[in-house]
Amino acid sequence: MFNSSLSLDQAPPLKIPLRFFVTSPIFGIMAGLFILGFVSSLESRASLEVVVFTHFITIGFLSMTMLGAMFQMLPVTAGVTLKHQQIIAPLVHGLLSSGLLIFAYAFYNYQSTLMSVALVMLLSAFLVFIVATALTLKNAKNVTPTIKAFIGALTSLLIALLLAGYLTLSHANTSLSEHHQAILYTHIVFSLLGWVSMLIIGVSYQVIPMFYVAESYPNFYTKYAIKVIFALLVSLGFALFIKNNQLYLLLKVFAALMLADYAVTTISLLLNRKRKITDTTTYYWYFAMSMLLAAVVVSLANEWLHISQLNTLAVVIFIYGFAMSVITGMMYKIVPFLVWFHLTNEGFINMPTMNELIGKKTTTVQFALHIVALLSLATLIFDSSFQMAAGMAIVLSNALLLFNLIKGSRIYFTKQGLEKMNF
Ligand code: HEM
């Protein structure tokens, strides 16, 4: 992400990505508290409590971190500065955080006016970011495979948001049309397989070779994967809309194979990496890719088994097992790197190494708690007596993640004690 071919002088101030990174576990804690207080069962995905919980994670944790990472990576990877980032970053962050809180309140209490308010705030947050990025990318010096993946991810997000608007307004007007289900599935497909997967794939093109001294992804991959996935998503949406089950199934198998291939390729790149040092972030990557494979298998198997809870299980494994794991692992790499990078640039020496900034012990405990949270959340789909266990594990693992991120970045803000180089 930050290797020598990239424009480090374009890097934004640390507090821009950091405010997004540190906020995400706070929404993770809220998601856990929400489970403890209000979600006694995950059995029916249609329940409004489950919709609220899902968005605490998908918007509050995943999208929050992904936007923060893009604020960091876009200028660095494309070689252009995001104009007015000092205003845009807090604006997007503020609208996203407050919009999500209102979304949660509005859906839990089924209040139509507040649903529309939340929609406007969340849409504004994402749209401000998308427009600023599009204007910035017009002048991009390097259109790398990562930037192409970002463009695919943002286009998918735009489609997902359009559909989210329709879904939310249908609820606000309490008039769900006959197409509601198809639009809901298309929203899920574009937000999870488009926005989340494409962004993760694009970021991994940069971070796997750089941070793990591994080979690059095969050329075929970096050239075509995003285009193929995007074409599959558009076709999947079309198949859902015309209610052609066979076409839908065929496309779903293709999309599943693509994602499975990405998981296997990433695992093999990591296994064959040159520097065989293993840290918590490596465990996170292996775990995330195994969970992606598991989500693919469960989702495909259910096309034949038709057990409604298995659909929910596939979504939970995808969101909590795959996406949240990759993102947490990446924050553990990126935050200490950025702190170290900014301090070095400001001329400080005699500071802890990147690895010492957070420390292996607490990240390993947090990783274990994350697995417990996923297991108890998955069990909650089948057995409501796991409400307490799931809620507690989610709260604890996110609280420890928050602690670790603050621990890793605190030194930057208390740097007076560090020795400054004498130029
Ligand atoms: C402006 C932002 C968004 C709004 C207003 C929104 C709105 C909604 C609504 C109203 C539903 C429920 C529809 C129904 O069941 O009738 C829904 C479902 C869903 N959305 Fe979003 N959404 C937004 C962004 C996202 C994003 C960014 C993601 C993923 C990264 C996402 C993932 C999902 C998922 C997975 C479901 C299914 C939930 C479940 O089955 O429990 N949404 N969304």
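Please treat every number below as a calculation from the coordinates, not as lab data. As the structure is a computational prediction, the values presented were derived from the model and not from experiment. Neighbour counts are summed over all protein chains in view; Cβ atoms, including those assigned to glycine, are modelled from backbone coordinates with ideal geometry.
Between the beta carbons of VAL297 and PHE241, assuming R0 = 25 Å, the FRET efficiency works out to 0.40 to the nearest 0.05. If R0 is 41 Å, the Cβ-Cβ spacing of SER175 and ILE371 corresponds to a FRET efficiency of close to 0.45. Count Lys and Arg as plus one, Asp and Glu as minus one, and take only other residues whose Cβ is under 15 Å from that of ALA149; the net charge is then +3. Once backbone amide H atoms are built at 1.01 Å from N, PHE348 has MET421 as its partners under 5 Å, excluding neighbours fewer than 5 places away on the same chain. Charge tally around ILE229: other residues with Cβ under 14 Å, Lys/Arg +1 each, Asp/Glu -1 each, net +3. Ignoring aspartates and glutamates fewer than eight residues from LYS361 along the same chain, the ones with Cα atoms less than 18 angstrom from its Cα are ASP279.
Helix 15-38 and the longest principal axis of the Cα set of the chain meet at an angle near 40°. For region 1-125, what class follows from the C-alpha gyration tensor (a ≥ b ≥ c being the square roots of its eigenvalues): rounded when a/c is under 1.5, otherwise prolate if a/b is larger than b/c, else oblate? Prolate. Counting only DSSP H runs of at least 4 residues, each contributing -39500 (n - 2.57), and dividing by the residue count of the chain, the helix-based mean residue ellipticity at 222 nm comes to -25000 deg cm²/dmol.
Region 8-406: D in µm²/s via Stokes-Einstein (Kirkwood Rh, Cα pairs, 10 °C, 1.306 mPa s)?
Values: Rh = 21.4 Å.
The diffusion coefficient I find is 74 µm²/s.
The angle separating the long axis of helix 245-271 from the principal Cα axis of greatest extent in the chain is about 20 degrees. For region 295-400, the convex hull spanned by the alpha carbon atoms encloses 93 Å³ per residue. Among 36-43, 395-402, 63-70, the peptide with the highest mean count of other Cβ atoms within 10 Å heads the list, and the full ranking is 63-70, 395-402, 36-43. Ranked for footprinting exposure by Cβ neighbours inside 10 Å, fewest first, HIS84, HIS179, HIS342, HIS55 give HIS84, HIS179, HIS342, HIS55.
What lysines could a cross-link reach from LYS243, if we take a straight Cα to Cα line under 29 Å and drop same-chain neighbours fewer than 8 places away? Candidates past the 8-residue exclusion: LYS227, LYS252. Counting Lys and Arg as +1 and Asp and Glu as -1 over every other residue whose Cβ lies under 11 Å from the Cβ of PRO90, the net charge comes to +2. For the listed residue pairs LYS333/LYS415; LYS148/LYS333; LYS141/LYS360; LYS274/LYS360, the alpha carbons are over 26 angstrom apart in LYS141/LYS360. Using the Karplus relation 6.51 cos²θ - 1.76 cosθ + 1.60 with θ = phi - 60°, the per-residue 3J(HN,Hα) values for region 164-179 come to 4, x, 4, 4, 5, 5, 4, 5, 4, 8, 6, 9, 8, 7, 5, 8 Hz, with x marking Gly and Pro. Distant-in-sequence amide contacts of VAL143, defined by a placed amide H-H separation under 5 Å and a gap of 5 or more residues or a different chain, comprise nothing. Between MET388 and PHE254, residue separation times 0.36 nm minus the direct Cα-Cα distance comes to 44.4 nm.
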